[in-house]
Every structure is written in C-alpha cells, then in structure tokens.
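Data first, discussion second: the structure below is written as structure tokens.
The values are calculated or read from the model by the stated rules, or taken from the named source; none is laboratory data. Only a predicted model underlies this, so the values are computations on that prediction, with no experimental measurement involved. Note that each Cβ is placed from the backbone with ideal geometry, even for glycine, and that neighbours are counted across all protein chains shown. Please note that ligands, DNA and RNA were not included when accessible areas were found on the heavy atoms of the full protein model with its side chains. Shrake-Rupley method; radii C 1.70, N 1.55, O 1.52, S 1.80 Å.
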Amino acid sequence: MRDPYDVLGVSKSASAADIKSAFRKLAKKLHPDANKHDPEAASRFAELNAAYEIVGDADKRKAFDRGEIDAEGKPRFQGFEGFGGGHPGGGQEGVFETFSFGPGGFQRSGGRRGGGRGFGGFEDILKEAFSGMAGGRSAPGGGGFQFEEEVPPPRGGDIAAAVTISLAEAAKGTKRRVQLPTGKEVEVKIPAGLAEGQQIRLKGQGLAGARGRAGDVLITVTVAPHPLFERDGADLRLELPITLYEAVLGGKVRVPTLNGAVELAIPPGTSAGRTFRLKGKGLPAKDGTGDLFASVRIMLPEGGDAELEELMRKWREKKPYDPRKGMA
C-alpha cells in the first residue's frame, strides 16, 4: 500500500484537523455510490479508509512515524537494546513494543501503553460526510491501543445490461447468453410470465469489491412487440377478422394462440367489436394463467362486389335500422 500521507494528500507535519478535513473531502469524492460506473472506485475508497486508519488515529500515527508499523498497520520488527533496560526518570520498562490483530481489532502490547482513543472518530466523519451512510461500532474503551473497523468494506459496483425476448419466450420462459459492458458473457434464466421491464439480479457477478463482496448484475428484460397479440398484464388481446357472412350466418373460425390455433364458434348475428374470451390462453402468472380476448372485426371483400352492393341497397330501402339510436 502507498504511504498513507500520500493517499490523503497531506504532509507528515499536517495537523489532525487537516487530516480529518482531507479524508472527508476525498471520502465524498471517491465513495462507490458516487462513482457507480467506475470499476476502480471501490479499491480507491478502500485505500483511503486504510490510510485514515493509520494517520487518523493519534497513537497509530505515532507508531507509523516511528517505523513501528507499516502502511497497512502491520508491525515491523525493531529489535531491542538490552533486556529490561531502564529509561531516564526511573522505572523498568521494555524498550520494544509488539502489535497484534485479533477479534478486538488492532492491539498494541508490551512496553509503554498509552490510553488510545480508538477509532470512533472515523464513524463520525463518515456520518457527517454521507448523512449517516457510514455504519460501524465504537471501539471498546479502556487502556491500551486498539480499534475496530468502523465501516464494512464497500461492496463492488453493479453492472446493468438489457435483453430482448419474444412474447412466446416470455410465455414459456427461456435461457439467454447476455454480453455485459465489461465484455463478459453470462447465462440468464428468464422465468415464464416475466413482465415487461422487470429486472433479473445475478448476485455476486458484478464488479469486484476491495475486501468486500462483488456487486451484482442487473438485467432488464424487454418483450418485443408481437404482430398479432397485445399484452395486458397476464392477458392477451387479439383482433379477429371475420367475413360478413360469418357475422350474419355464424360459423367456426380458427383463432391463433401462443400454443397453436384453436377453433372458435361465432354465433349468427355477431356484430363487430364483440369480444370472445378464450380461458387459459394468456401468459403464466402467480395466481394462474391469463386469458386471450378476441375482438371481432368484420372484413368486406377487397375490390368491392356489385351483387353485395345491390343487396345492401335493397336492404336499406326495405329494412332500414339505426344502430346509433339513443346516442347523443
């Protein structure tokens, strides 16, 4: 790891207030939540945290400046000058100190033991910088030099991607290979009945986090328009063309569905716009399967027909009727 003073951009003679101010400014700038599209943001933020763990604590900073610990807070072997040597001013005291890591965090033992303040200030700074985004626990009090990590290592960034499937695939479910912006390919299992715009989350397959778990992959699913069917939740809607004589005389017609055509009986005297419900011919849903609603559209023969026109003129003269009666 780099020199913590260099990471924070301060000199070795900087005051505690200057170090705190530098950390707060850089924490806002480098936090992964503010740099979601930067894959290096998490590692830079972790490096910043580690640097402040060293020089943001008065006792630990002194230990680093004396060469007793390195930039990662690990102890450096210093040797010793005689066993049980005395110090000016009287009293027996060890002339070397040891550092260890354990469940209680970083601990300093042996030699002189200062009343360390722990690392509680780290939480306060992040709370102030991110309005409570930082979590953690205060270091236990008492003598000795120790701290607990105040903020969990940041999770890696998420990756967003998109995939388009057909309506038939949405009805039955499918698998797709999706290429991510990073160049990596992942296989996605798309469940049956997935709604337009829904997201599929692949946990732990996003950007790697520094000392934390990787982010996720978020895949937005789009269902391509179908030439015949219109989706209405789990239901499907269809315009069903029929002939004039089928509308007048009735008959059986073939109706397309996502699972193949079925036969529908058209009763005599069916008007345009009448809707027939084909139960269970829609899309899968949590509470069952949707339906297919087929609305009749009467189609006249192309190019016109002289006999039909003559018949309609006679009909108009002998049997007139007004389908718009009662409308404003």
Q: Whole number in Å², please: accessible area per residue of the stretch 1-45, 1.4 Å probe, ligands, DNA and RNA not counted.
A: 60
Q.
Not counting ligands, DNA or RNA, and with a 1.4 Å probe, what is Arg231's accessible surface area in Å² rounded to the nearest 10?
A. 70
Q: Taking all protein chains together and a probe of 1.4 Å, list His226, His31 from the most accessible to the least accessible.
A: His226, His31
Q. Met312 to Lys172: FRET efficiency via 1/(1 + (r/R0)^6), r the Cβ-Cβ distance, R0 41 Å, to the nearest 0.05?
A. 0.35
Q. In the full protein assembly as shown, how much of Asp235 is accessible to a 1.4 Å probe, in Å² to the nearest 10?
A. 40
Q: Keeping all protein chains in place, calculate the accessible area per residue for the stretch 192-237 (probe 1.4 angstrom), answer in Å².
A: 54
Q) Hey, with R₀ at 56 Å, roughly what FRET efficiency would Asp305 and Ala285 work out to, going by the Cβ-Cβ distance, to 0.05? A) 0.80
Q) Which FRET efficiency value, to the nearest 0.05, do you get for Glu185 and Arg24 by plugging their Cβ-Cβ distance into 1/(1 + (r/R0)^6) with R0 = 45 Å? A) 0.65
Q: Mind listing the long-range amide H neighbours of Gly282? Cut-off is under 5 Å, sequence gap 5 or more, other chains count too, H placed in the peptide plane at 1.01 Å from N.
A: Gly290, Asp291, Leu292
Q.
So if I take the centroid of the Cα atoms in the stretch 227-302 and the same for the stretch 7-65, what is the distance between those two points in Å?
A. 66
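Quick one: order Lys319, Lys189, Lys20 from most to least accessible surface, probe 1.4 Å. Please report the intermediate quantities before stating the final value.
Working: Lys319 120, Lys189 150, Lys20 85 Å².
Reading off the accessible areas and sorting them downward yields Lys189, Lys319, Lys20.
When the accessible area of the stretch 174-226 is computed with all protein chains present and a 1.4 Å probe, what percentage of it is carbon and sulfur?
Values: 1440 of 3040 Å².
Answer for the stretch 174-226 is 47 percent, counting heavy atoms of protein chains only.
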Q: Let me know the Rg and Dmax you get for the stretch 151-276 when you use only its Cα atoms, in Å.
A: 22.5, 77
Q) When the chain is fully extended, how far beyond the present Cα-Cα distance does Glu40 get from Arg324, taking 0.36 nm per residue of separation? A) 95.3 nm
(Q) Using protein chains only and a probe of 1.4 angstrom, how many square angstrom of Phe293 are accessible, to the nearest 10? (A) 40
